[in-house]
Amino acid sequence: MDDEIICIGCGAKLQSDDPKQAGYLPASALKKAQETEDTDVYCQRCFRLRHYNEIMPVDLNNDDFLALLNSLAEKKALVVNVVDLFDFSNSLLSSLKRFVGDNDFILVGNKFDLFPLNTCQSKIKDWMRQEANRMGLHPKEIFLISAARQKYLDDLIEYLNKASQKEDIYFVGMTNVGKSTLINAIIDKMGDIKDLITTSRFPGTTLDRIEIPLENGHYLADTPGIMSQNQLATRLNPKDLESASPKKPLKPATFQIKPGNTIFLGGLGRIDFIKGDPAGFTVYAARAVTLHRTKTSNADDFYQKHVAEMLTPPTGSDYLPPLKGQEYHTDFKSDLLFGGIGFVTVPANCVVKTYTPDKIGLGIRRALI
């Protein structure tokens, strides 16, 4: 008997060696299929897609996903890039420019509800547009929403409703940005409009997309979340990711510090105050992230001794790259960014050095609050 079995969903050769490669099936399931000579077998990715409406993440170099992106330039479609407002630079799909062709694309910033109530929407949108422009991207519109809480969705839904009258809508984004949660929220909201949407999902297979048909003949398409080594989310185990990712509105924690002081954001972030007048540094991070102040002269030893114990997350021995730093001089009140964790607001005219594992997610912007 030829042991080679093909997934009837995507056409990939079934294998049990590498879960990240096409055609993966657990060894026990593959063995059973081989012994019974069952030819109607789905790989794990296609099975989860068809039965749970769940698209497994892909690497940006995944051939099927690249084929899907390349096809967008050949059709009339609106592209929606969903981004995490707490990890904007790493969740913005910077390569989108070469895939959208002449199509419009919009940016949807998720987790806006986690910012303090007095946060100005226009400031956030201006920052998003400037960062996108810096990468050569020019979104037609920018929206701020909360997918998990189904808030601030009305303007976005109205826009998508108009756009879908003439074109399909593709949602793209990195992992952990809330893309699929947003689509489910949109379905729930749009379902109140009679005959607008058919809520049953009809999964595609080869390109790993879920198409949600609309009554007008067009559809919303959910695509796989893209994994990137530039996202802290891809480096953490599920428990630590749950602790590090903001889920509730952030409560500021202000430290009165002077040059020579260091603040740790768990074991995932660090800020050294190098030069400037004594000042308040305000940390915005998930409540499960342990904050600790110490002297910079002791900081290296303190980190080595207490990471994954006093300084959490992380909580385990999973490998993380060592902390690496970037120095900044603030010309105005600024937010120091720790992508995927939060940010620290510092005054003008100070010199600081910030650290994350391998510099992942570091950045600076004019203060938004």
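The values are calculated or read from the model by the stated rules, or taken from the named source; none is laboratory data. As the structure is a computational prediction, the values presented were derived from the model and not from experiment. Here Cβ is always computed from backbone atoms with ideal geometry, including for glycine, and neighbour counts include all displayed protein chains.
In the stretch 133-243, counting only strands (runs of 3 or more DSSP E) that sit wholly within it, the ones holding 3 or more residues that are touching a Leu at 6+ places or on another chain (Cβ under 8 Å), crowded, with 20+ Cβ neighbours inside 10 Å and at pLDDT 90 or above span 142-145, 168-172.
Check GLY325, GLY342 and return the single one that is closer than 18 Å to GLY260 by Cα and in contact with a strand residue (DSSP E or B) (Cβ under 6 Å, 6 or more places away or on another chain).
GLY325
Regarding the stretch 289-308, can at least one residue be identified that is outside the structural domain of LEU114 (by TED's automatic domain parsing), in a loop (DSSP other than H, G, I, E, B) and closer than 26 Å to ILE124 by Cβ? Checked against the condition, which is being outside the structural domain of LEU114 (by TED's automatic domain parsing), in a loop (DSSP other than H, G, I, E, B) and closer than 26 Å to ILE124 by Cβ, the stretch 289-308 yields at least one hit.
The residues on offer are LYS75, LYS32, and the sole one that is assigned to a loop (DSSP other than H, G, I, E, B) and modelled with pLDDT of 85 or more is LYS75. For the stretch 98-111, the condition of being buried (at least 20 other Cβ atoms within 10 Å of the Cβ), at pLDDT 95 or above and charged (D, E, K, R) holds for at least one residue.
In the stretch 147-167, the residues that are β-branched (Val, Ile, Thr) form Cβ pairs under 7 Å with partners that are surrounded by 14 or more Cβ atoms within 10 Å (Cβ to Cβ), at six or more places apart or across chains, as follows: ILE157/ILE186; ILE157/LYS189; ILE157/MET190.
Scanning the stretch 110-151 for residues that are over 19 Å from the mean Cα position of the chain (by Cα) and hydroxyl-bearing (Ser, Thr, Tyr) turns up THR119, SER122.
Would it be correct to say that LYS125 is more than 19 Å from ILE226 (Cα to Cα), among the basic types (Lys, Arg) and either surrounded by fewer than 19 Cβ atoms within 10 Å (Cβ to Cβ) or in the same structural domain as ALA244 (by TED's automatic domain parsing) (or both)? Taking the combined requirement at face value, the residue satisfies it. Look at GLY339 and say whether it is touching a helix residue (DSSP H, G or I) at 6+ places or on another chain (Cβ under 6 Å) and within 22 Å of PHE88 (Cβ to Cβ). Here the answer is yes, as GLY339 does meet what is asked.
Scan ASP335, ASP277 and give me the residue that is more than 19 Å from GLU242 (Cα to Cα), of a type outside the set (A, V, I, L, M), outside any helix (DSSP H, G or I) and in contact with a Cys (Cβ under 8 Å, 6 or more places away or on another chain). Walk me through how you get there before you give the answer.
Values: ASP335 fails: in contact with a Cys (Cβ under 8 Å, 6 or more places away or on another chain).
Every option except ASP277 fails the conditions.
Of the residues making up the stretch 249-267, those that are surrounded by fewer than 17 Cβ atoms within 10 Å (Cβ to Cβ) and in a loop (DSSP other than H, G, I, E, B) number 6.
Name the residue, out of ARG293, ARG270, that is out of contact with any Pro (no Cβ under 8 Å at 6 or more places or on another chain) and buried (at least 21 other Cβ atoms within 10 Å of the Cβ). Before you say what the answer is, go through the steps one by one.
Values: ARG293 fails: buried (at least 21 other Cβ atoms within 10 Å of the Cβ).
Going through ARG293, ARG270 in turn, the sole match is ARG270.
Against the definition (at pLDDT 95 or above, in contact with a strand residue (DSSP E or B) (Cβ under 7 Å, 6 or more places away or on another chain) and assigned to a loop (DSSP other than H, G, I, E, B)), how does PRO246 come out, yes or no? The answer is no for PRO246.
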